[in-house]
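In what follows, a structure is listed as structure tokens, so that the remarks can point back to it.
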Amino acid sequence: MSKIYRQWVKEYQDQAWTVARYILKDAQEAEDATQEAFVKLWNNQDRIDPEKVKPWLMKVTRNGCLDRLRRRRENVEFDEAHTAADTYGPMQGASDSETGAWLKRAIAGLKEPYRSLVVLRDVNQHSYEEVAGMLELSLAQVKTYLHRARKQLREQLAEVRP
Amino acid sequence: MNKYDEKWEERINALLDGDLSNEDAEMLKAEASDDRELARAIIEAYQLQKAMDTIHVERAPDSLRKKLKAIPRQQRPAFSFNLLQPRWVTALAVVPLVMISVSLMQPDTPSAAEIAKARQDLALAFTYLDKAGQFTGREIESTIGTTMSQAIAGSVIKNIQSQNETSKEKKV
């Protein structure tokens, strides 16, 4: 059983970490949240369908991060939504890495579930169906919310990169 | 966001995801040539997609990788009530035997000889119980330490002695 667990760690640790990193925006806390999710995976490995480990793990990681956010009792969404666009000046002529760094902050500044949707679909490249399963949303909801999230990002990008 | 926007978004995203048929894609482009807003939305969507291509899944830090690998060693196996475990098999086998023994030891009017035999058996049983208590004490001692084992074994022996004394008193 330990062998298959090691395989899961190898395959999913980066994706789970990415989800936690974007949602929590704090490396130490993201590390703790990812570790917690994998402890749950280890303790529940007999009860999880091996075919569904990835969506299960992403869901558990995300839920753990959201719990942590609630515990923080901060209005992170509001603050960071503004920080993302305000901190950075015009991006015209900016390099790809600068654009990427800006975009990461912009994604981190989105509200839930938009942020998780963009991270899971556009960053982690999970399929629409997988994302729907992870977030317990219908396929239509996933597409609609994702369109809204992308529109927000697009408009912010257009503002800083005319 | 109005219905018109939603419809646009759906089609623009389908275009970028490659989910729009050639016919629908051509139709959208034709509409965009007459609608500056739509054209701008499509261009911005392409720019966002290009920007998205620059960000990827992040590599988990080495400290986290080590922690995740260590989880199987750190997590004790959870207690599980598995009826196939030897201790439960033994316990389950003993239950009917005890029930049968108890039912057989219930004669209506036992004779003096039977009572004497029963006392003998009881004394023998106490001897075994005494040994079992000592064995258990040693087991406990090896698991949780001498202090606790002395307390438990002492209690068991005291109890046996008390039972023996009661038995002797009855004989007298």
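Among A:Met58, B:Met27, the order of accessible area from largest down is B:Met27, A:Met58, computed with a 1.4 Å probe on protein heavy atoms.
Between chains B and A, what is the buried accessible area in Å², counting both sides, with a 1.4 Å probe and ligands, DNA and RNA left out, to the nearest 100? Kindly include the intermediate steps, with their values, before the conclusion.
Values: alone 14890 and 9460 Å², together 20940 Å².
What B and A bury together is about 3400 Å².
Whole-Hz Karplus values for region B:123-139 come out as 4, 5, 4, 5, 4, 4, 5, 4, 4, 4, x, 5, 4, 4, x, 5, 4 Hz, taken residue by residue from phi with 6.51 cos²θ - 1.76 cosθ + 1.60 and θ = phi - 60°; glycine and proline positions read x.
Residue ranking by accessible heavy-atom surface, 1.4 Å probe, largest first, among A:Thr34, B:Thr54 comes out as B:Thr54, A:Thr34. Were the residues from A:Glu11 through A:Leu139 laid out at 0.36 nm apart, the gain over their Cα-Cα distance would be 43.6 nm.
Ordered by 1.4 Å accessible area with all protein chains kept, B:Ile115, B:Ile100 run largest first as B:Ile100, B:Ile115. Computed with a 1.4 Å probe over protein heavy atoms only, the accessible area of A:Ser138 comes to about 50 Å². Counting only heavy atoms of the protein chains and using a 1.4 Å probe, A:Glu98 has close to 100 Å² of accessible surface.
Using a probe of 1.4 Å, the accessible surface attributed to A:Arg68 totals some 30 Å² when neighbouring protein chains are kept in position. Annotation for A:Arg71 and A:Gln125: the two label points, set 7 Å from Cα along the Cα-Cβ direction, are 3.4 nm apart. The mean number of partner chain beta-carbon atoms within 10 angstrom of a residue's beta-carbon across peptide A:145-153 is 5. The 3J(HN,Hα) values that the Karplus relation (6.51, -1.76, 1.60; θ = phi - 60°) gives for region A:144-151 are, in residue order, 5, 5, 5, 4, 5, 4, 5, 5 Hz. Gly and Pro appear as x.
Using a 10 Å cut-off on Cβ to Cβ distances, tally the other chain neighbours for every residue of A:37-46 and report the average as a whole number. Across A:37-46, the average partner-chain Cβ count within 10 Å equals 3. Across peptide A:2-9, the mean count of Cβ atoms from other chains lying within 10 Å of each residue's own Cβ comes to 2. Listed by chain and number, the aspartates and glutamates whose C-alpha is less than 18 Å from the C-alpha of A:Lys111, apart from same-chain residues fewer than 8 away, are A:Asp26, A:Asp67, A:Glu74, A:Glu77, A:Asp79, A:Glu80, A:Asp86, A:Asp122, A:Glu136, A:Glu155. Legend: residue pairs B:Lys117/B:Lys158; A:Lys104/B:Lys29; A:Lys52/A:Lys151; A:Lys59/B:Lys66, Cα-Cα distance threshold 27 Å; pairs beyond threshold, A:Lys104/B:Lys29; A:Lys52/A:Lys151.
The values are calculated or read from the model by the stated rules, or taken from the named source; none is laboratory data. Bear in mind the structure is a predicted one, so any value in this text is a computation, not a measurement. Heads up, the Cβs are rebuilt from the backbone with ideal geometry, glycines too, and the neighbour counts pull from every protein chain shown. Heads up: the accessible areas ignore ligands, DNA and RNA and are worked out on the full protein's heavy atoms, side chains in. Shrake-Rupley method; radii C 1.70, N 1.55, O 1.52, S 1.80 Å.
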